[in-house]
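Engineer: Have a look at this one.
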Amino acid sequence: QVQLVESGGGLVQDGGSLRLSCAASGNIWNINDMAWYRQAPGKQRELVARITSGGKTTYADSVKGRFTVFRDNAKNTMYLQIESPKPNDTAVYYCYALISIRGRAGTMPYWGEGTQVTVSS
């Protein structure tokens, strides 16, 4: 089985900084794309940032220039560096990954359980 575990969430002040981590573990053969999504109260889950296994990144327009996604493939871990957060960045942040399992063809999507980020003004 595969697990994605997020960490690093919490309360941060407007203009501060925060780093989220997502560690994948289990019977992993390969991790393809990884991504961070977020869901604010009363809103749909939205893509924040995505990174390929080769390191190519894409960002939501609302976070460009403030958020940076990167990964350490040796550790099966993805990070999200949040700079100058704003109150409307408050949400539960979820980790997503496309993972190949040892001994099984193809890839499957996996989600973490989420970590709360609250930005105070």
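The values are calculated or read from the model by the stated rules, or taken from the named source; none is laboratory data. Keep in mind it's a predicted model, so treat the numbers as computed, not measured. For neighbour counting, all protein chains shown are included, and Cβ atoms are generated from backbone atoms with ideal geometry for every residue, glycine included. Heads up: the accessible areas ignore ligands, DNA and RNA and are worked out on the full protein's heavy atoms, side chains in. Shrake-Rupley method; radii C 1.70, N 1.55, O 1.52, S 1.80 Å.
Engineer: Is it fair to say GLY65 is open to solvent by 70 Å² or more (accessible area, probe 1.4 Å) and more than 19 Å from VAL92 (Cβ to Cβ)?
Structural biologist: Against the criterion (open to solvent by 70 Å² or more (accessible area, probe 1.4 Å) and more than 19 Å from VAL92 (Cβ to Cβ)), GLY65 qualifies.
Engineer: Still on this structure: Report yes if some residue within the range 64-86 is of a type in the set (Asp, Glu), over 22 Å from LEU11 (Cα atoms) and either touching a Lys or Arg at 6+ places or on another chain (Cβ under 6 Å) or outside any strand (DSSP E or B) (or both); otherwise report no.
Structural biologist: no
Engineer: Counting only residues that are assigned to a strand (DSSP E or B) and in contact (Cβ under 8 Å) with a residue 60 or more places away in the chain, how many does the range 5-25 have?
Structural biologist: Of the range 5-25, the ones assigned to a strand (DSSP E or B) are 5-7, 10-13, 17-25.
This time we only want the ones that are in contact (Cβ under 8 Å) with a residue 60 or more places away in the chain, so: 5-7, 10-13, 17-20, 22, 24.
So the answer is 13.
Engineer: Which one is nearest to the chain's Cα centre (by Cα) among residues in the range 87-112 that are part of a loop (DSSP other than H, G, I, E, B) and more than 13 Å from ASN32 (Cα to Cα)? Walk me through how you get there before you give the answer.
Structural biologist: So in the range 87-112, the residues part of a loop (DSSP other than H, G, I, E, B) come out as 90, 102-107, 112.
Keeping just the survivors that are more than 13 Å from ASN32 (Cα to Cα) gives 90, 102-105, 112.
Values: THR90: 14, ARG102: 23, GLY103: 26, ARG104: 25, ALA105: 25, GLY112: 9 Å.
Residue satisfying both the conditions and the ranking: GLY112.
Engineer: Related question: Count, please, the residues in the range 72-100 that happen to be closer than 12 Å to ARG19 by Cα and basic (Lys, Arg).
Structural biologist: 0
Engineer: Given the structure, is LEU47 in a strand (DSSP E or B), open to solvent by 40 Å² or more (accessible area, probe 1.4 Å) and either farther than 24 Å from VAL2 by Cβ or without any contact (Cβ under 8 Å) to a residue 60 or more places away in the chain (or both)?
Structural biologist: yes
Engineer: Just give me the residues in the range 83-121 being in contact with a helix residue (DSSP H, G or I) (Cβ under 7 Å, 6 or more places away or on another chain) and open to solvent by 70 Å² or more (accessible area, probe 1.4 Å), in sequence order.
Structural biologist: SER121
Engineer: Go through the range 24-44 and give me each residue that's open to solvent by less than 60 Å² (accessible area, probe 1.4 Å) and over 12 Å from the mean Cα position of the chain (by Cα). Lay out the reasoning, then the answer.
Structural biologist: Start the filter on the range 24-44 by keeping residues that are open to solvent by less than 60 Å² (accessible area, probe 1.4 Å), which leaves 24-26, 28, 31-38, 40.
If the condition is that a residue be open to solvent by less than 60 Å² (accessible area, probe 1.4 Å) and over 12 Å from the mean Cα position of the chain (by Cα), then SER25, GLY26, ILE28, ILE31, ASN32, ALA40 are the ones that fit.
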